[in-house]
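Following: one structure in structure tokens, then a few remarks.
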Amino acid sequence: MELISLQIDNGFRVTMKVTTEGEEWRTFLAGAADALQRQKPVPGYPAGGAPIEAAADFFGRELIKTAGKEAVDALLLRACAEKGLAPISPPSAVVRGGDLEGFCFEASFTTFPDLPAFGIEGITVEKPVVVTTDAEVDEALEDYMRKHLWVHEVDREARMGDIVEISFSGTHQGERFEYDHSDKCRFPMGSGQLFAGLDEALLGRRKGDELALKLTMPEDFHREAIRGFVLDLKVRLRGVWAREQVACTDEYCREMIHDSRVNTVAEFREKLRKEIQDRHDRHCGEMFEKHVEDALEATVTCRLPDVMVETVLNEYLDALRNAAAGKGKTVAELLKDEGKTMDEFLDMCRPNAEKHVRRSIAIDHLIRKYGLGISEQELESSVKRNAALARVSEEEAIRRAGGKDGLTDSLLNAKALRFFSDHIRVVEKIMDKEPKE
């Protein structure tokens, strides 16, 4: 194989001219002659036994065409490997000449743009850090106490907001109905969750009181099974519990906070502090990952290949088609409902599509420049981990990941991002509050 010419326009549009002759070309001719003779043997020769010249006389240009197709696929792959090119669009090949002596073709395709000035050592990324303050702990403690009231049984009349416990039985037009009785039913007064009018009937009653009630359920009552029913009920009030906001004390912590590690107010405050700090750390970690991705994408300043951007936009269009189909509408109808035209939708998606393409280009460059790869052990470990988490077989885990190739690509992209993060300069920035996106 000889690469006669190679031209790269805009950093990503490749045109190359390749020729092959001699033994290399005769190997392709022999393979083509063998394939053609399996379908139609050359007269006078055993199946597959005709020499190349005899096959050429019999099949004519079909032999050159068949051998040329195999040559284009194989030689284009070899030429790209030698020049470090990675096609991202199907190559378009044009035959420039071919006979029994040699074959020449010209191919054009889009490749990942080269980034000659790419470097990661001088890149600096800020990592936000938020330290929990005493004021945040105080606020969290007050909020907890407002939401977790002290509940204790009282010997007085029931009031709205109290928790009551009743037993009841009843009928509708003399017949039993769904939920017609309960030996022990507890609910907050004022919620209206059991029967319409029951809360008002229990207001001012004490433990041990018995009532005979006739209650009419509204047509829009939340319990559909008894809407519009007129119920005859017998109710007994079994107990009344008050709910009060109290000060946080060691006693409250021991009785109301179900954590064996929390027995004092000080221990409860430390528990709250850790929960708040964990939230800060998660949010700051997510923001740092976004800053790293932004820095990685910023390394790509070249013109973006149109085919890559269009590919991502087509993915957005596919998602839009699926959303429309899910609502039983066409894409045009869905866009009309949202007050958008197709052009407006694509313009809205384009910035994210370009961002996605920049990241893809940068990751591809990282992988090729630094020789990153995924070992069989790494792939196997990932399959086992995914299968265990999803509680499926390893074969199913591989299928869900898009096959071994899909899983390998996913792992490789993640490794490239970690490699970038590990080799840039990270500066912590102390902040008073969680940063916004």
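No value in this document is a laboratory result; all are computed from the given coordinates. None of these values were measured; they are calculated from a predicted model. Counting neighbours? That spans all protein chains shown, and the Cβs are built from the backbone with ideal geometry, glycine included.
For a quick check: sort 222, 181 by the number of other beta carbons within 10 angstrom, fewest at the front.
222, 181
Where does each of 36-48, 408-420 land if you order them by average Cβ count within 10 Å, highest first?
Ranked by mean Cβ neighbours within 10 Å, highest first: 408-420, 36-48.
Between helix 306-326 and the chain, what is the angle of the helix's C-alpha long axis to the longest principal axis, kept within 0 to 90° and rounded to the nearest 10?
40 degrees
Could you state the angle between the C-alpha long axis of helix 134-147 and the longest principal axis of the C-alpha atoms of the chain, as a value from 0 to 90 degrees rounded to the nearest 10?
60 degrees
When 20, 301, 216, 66 are ordered from fewest to most other Cβ atoms inside 10 Å of their Cβ, what list results?
Exposure proxy ranking, most exposed first: 301, 216, 66, 20.
Taking the Cα centre of the range 285-431 as the origin and placing charges on Cβ (Lys, Arg +1; Asp, Glu -1), which of 339, 292, 427 is farthest toward the positive end of the dipole?
Checked the options; the winner is 427.
Rank the residues 189, 145 as a footprinting-exposure proxy: fewest other Cβ atoms within 10 Å of their Cβ go first.
Ordered by Cβ neighbours within 10 Å, fewest first: 145, 189.
Please list, by residue number, every one of the GluC sites (Glu not before Pro) in the range 305-338 that is coil in DSSP and has at most 12 other beta-carbon atoms within 10 Å.
Filter output for the range 305-338: 338.
With a/c under 1.5 counting as rounded, go ahead and sort the range 285-431 into rounded, prolate or oblate using the C-alpha gyration tensor (a ≥ b ≥ c being the square roots of the eigenvalues; past the cut-off, prolate if a/b is larger than b/c, else oblate).
oblate
Of the cross-linked pairs 127/290; 290/436; 83/369; 147/234; 83/415, which ones have a Cα-Cα span greater than 22 Å in the structure shown?
Table pairs above 22 Å Cα-Cα are 147/234; 83/415.
Please identify the chymotrypsin sites (Phe, Trp or Tyr not before Pro) of the range 87-134 that satisfy two criteria: DSSP loop assignment and at most 15 other Cβ atoms within 10 Å. Which are they?
118
Which of these values of Kirkwood radius over Cα pairs in Å was calculated from the structure shown: (i) 22.9; (ii) 30.7; (iii) 27.9?
(ii)
Alpha carbon centre of the range 1-74 versus the range 405-437: separation in Å?
Rounded to whole Å, the Cα centres lie 48 Å apart.
Trypsin sites (Lys or Arg not before Pro) within the range 92-179: which are DSSP loop residues with at most 10 other Cβ atoms inside 10 Å?
Those that pass, being in a loop and sparsely packed, number zero.
By the scheme Lys and Arg +1, Asp and Glu -1, what is the net charge of all other residues having a beta-carbon under 14 Å from that of residue 423?
+2
Quick one: check the C-alpha center-to-center distance for the range 105-168 versus the range 235-289, whole angstrom.
Cα centroid to Cα centroid, the span is 16 Å.
When the expected Rg is taken as 2.2 N^0.38 Å, what fraction or multiple of it is the alpha-carbon Rg of the range 150-244?
Against the empirical 2.2 N^0.38 Å value, I get 1.06 for the range 150-244.
Among 393, 381, 365, pick out the residue whose Cα is farthest towards the positive end of the charge dipole of the range 363-418, where Lys and Arg carry +1 and Asp and Glu carry -1 on C-beta, about the Cα centre.
Toward the positive end, the furthest listed residue is 365.
Might you report the magnitude of the Cβ-based charge dipole of the range 1-79 about its Cα centre, with Lys and Arg at +1 and Asp and Glu at -1, to the nearest 20 debye?
So the dipole magnitude of the range 1-79 works out to roughly 260 debye.
Could you identify which residue out of 175, 255, 139 has the top mean-square fluctuation in a GNM of the chain using Cα springs shorter than 10 Å?
Of 175, 255, 139, the Gaussian network model singles out 175 as fluctuating most.
Tell me the mean residue ellipticity at 222 nm calculated for the chain from its helices only (DSSP H runs of n ≥ 4, each -39500 (n - 2.57), averaged over every residue, nearest 500).
About -16000 deg cm²/dmol.
Could you state the principal axis extents of the C-alpha atoms in the range 8-142, from the largest down, to the nearest angstrom?
Ordered largest first, the range 8-142 gives principal extents of 98, 35, 21 Å.
So how tilted is helix 22-39 from the main axis of the chain? Cα-based, degrees 0 to 90, rounded to 10.
Long axis of 22-39 versus the principal axis of the chain: about 70 degrees.
Between rounded, prolate and oblate, where does the range 223-326 land on the alpha carbon gyration tensor, with a ≥ b ≥ c its root eigenvalues, rounded for a/c under 1.5, else prolate if a/b exceeds b/c?
Because a/c hits 1.5 or more and a/b fails to exceed b/c, the range 223-326 counts as oblate.
Could you name the lysines whose alpha carbon sits less than 27 Å from that of residue 40, not counting residues in the same chain fewer than 8 places away?
Correct list for residue 40: 65, 69.
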